[in-house]
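Have a look at the structure below before the remarks.
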Amino acid sequence: MQMFMGEIDLELQLVTLHGFRRFRDQTPIRTNGKLVALLGPNEAGKTSILNAISMIGNDEAIPKHDLSRGMKIPDDQNIITAKFRLDHDDLEAAK
């Protein structure tokens with residue numbers, strides 16, 4: 001899965017959710033840069049994953065209604081984390 005930030009092409013490798021909607025426990029989602037579909041039964045969290053990915057790079061706070069119900073989330077806890085891979089040219093440009 002590729003994301004574009006300005007002129008840099010980022011390849012999304014991993015998204016980790018912790019306290020986001022139904023993902024109360026730390027849940028890694030590995031994309032290996034090639035995620036093209038999410039499969040699962042109704043109410044499994046497919047839309048939640050897509051919404052979390054859409055929030056990556058957004059400076060706004062995660063809305064309270066997107067946090068796991070009844071869970072006390074410390075201020076220093078990351079709710080959504082992402083790891084990207086840059087190709088060689090983009091890595092050089094970022095330097």
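From the P(r) of the range 45-95, can you give the percent of Cα pairs sitting at distances over 12 Å?
Tail fraction, whole percent: 74.
Count the lysine pairs in the chain that are 8 or more places apart or on different chains: how many have C-alpha atoms under 20 angstrom apart?
Qualifying lysine pairs in the chain: 6.
Give the peptides 57-65, 14-22 in descending order of average Cβ contacts within 10 Å, highest first.
Descending mean neighbour count gives 14-22, 57-65.
In Å², what does the accessible area per residue of the chain work out to with a 1.4 Å probe?
73
Taking the Cα atoms only, what angle lies between the long axis of helix 46-55 and the longest principal axis of the chain, rounded to 10 degrees?
50
Report, to the nearest whole %, how much of the accessible area of the chain belongs to carbon and sulfur atoms, 1.4 Å probe, protein only.
Carbon with sulfur: 50 percent of the solvent-accessible area.
Mark the label point 7 Å from the Cα of Met71 along Cα→Cβ and return the residues of the range 9-27 whose backbone N is within less than 18 Å of it.
Only 15-27 pass the distance filter.
Quote the convex hull volume per residue of the chain, based on C-alpha atoms, as a whole number of Å³.
Spelled out: Cα convex hull of the chain, divided by residues, is 112 Å³.
With each label point set 7 Å from Cα along the Cα-Cβ vector, what nm distance links Lys83 and Leu14?
0.2
With +1 on each Lys and Arg Cβ and -1 on each Asp and Glu Cβ, how big is the dipole of the chain about its Cα centre, in debye rounded to the nearest 20?
700
The values are calculated or read from the model by the stated rules, or taken from the named source; none is laboratory data. Because the structure is a prediction, the values reported are computed rather than measured. Cβ sites come from the backbone with ideal geometry, for glycine too, and all protein chains shown count toward neighbours. For the accessible areas, the whole protein counts, side chains as well, though only heavy atoms, and no ligand, DNA or RNA atoms are used. Shrake-Rupley method; radii C 1.70, N 1.55, O 1.52, S 1.80 Å.
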